[in-house]
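Some notes on the structure that comes next.
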Amino acid sequence: MPAPKRVLFICTGNSCRSQMAEGWTRHLQHRAIEAYSAGITAYGLNRVAVRVMLEAGVDISAYRSKRIQDLGHVRFDCVITVSENAIERCPAFPGAPRRLHAFFEDPVALAQSAENDDKALEHYRRIRDEIRAFVEQLPALLYGSDTGEVVNP
């Protein structure tokens, strides 16, 4: 297998979706992909995201929320935005890495409008599982010949 691709997942605050994507990638694709995550800003790690990832056997509790600028020393092969805000505000990166867009709804916003805590958790779990499905197909996207953008698989 070729050397692992360095991939950066970006969302608004690096608190939930991009952290889940980094966690799933490290858990499922660690041989093919070296995963990082960052946000346009850093909101702090979302405790509910940590909880639902742990339910699925992935511990992201030691991760920390980072800004894109915090990873300026790393050259990426691919940058994947996972929120609309990140697409609009994503800066250029050295070496012109490939860019992909995979939009996932914001579980924090969805949870705020949920009827109760159980319904709120369902939103987090659904987004967690959607991100897992995306990460499972990521090596084919990165190592295949398709150079187009991805918009939610």
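Would you check which residues across the stretch 2-21 are on the phi < 0 side of the Ramachandran plot and either surrounded by fewer than 24 Cβ atoms within 10 Å (Cβ to Cβ) or in a loop (DSSP other than H, G, I, E, B) (or both) and list them? Within the stretch 2-21, Pro2, Ala3, Pro4, Lys5, Arg6, Thr12, Gly13, Ser15, Cys16 meet the criteria.
Residue count for the stretch 1-47 satisfying the condition of being within 17 Å of Leu141 (Cβ to Cβ), charged (D, E, K, R) and either at pLDDT below 95 or in contact with a helix residue (DSSP H, G or I) (Cβ under 8 Å, 6 or more places away or on another chain) (or both): 2.
Here the stretch 33-60 is the region considered, the condition is being of a type in the set (Gly, Ala, Ser) and either surrounded by 13 or more Cβ atoms within 10 Å (Cβ to Cβ) or in contact with an Asp or Glu (Cβ under 6 Å, 6 or more places away or on another chain) (or both), and the residue that is farthest from Asp118 (Cα to Cα) is Ala35.
The values are calculated or read from the model by the stated rules, or taken from the named source; none is laboratory data. Note that the coordinates shown come from a computational prediction; the quantities given were computed from them, not determined experimentally. Heads up, the Cβs are rebuilt from the backbone with ideal geometry, glycines too, and the neighbour counts pull from every protein chain shown.
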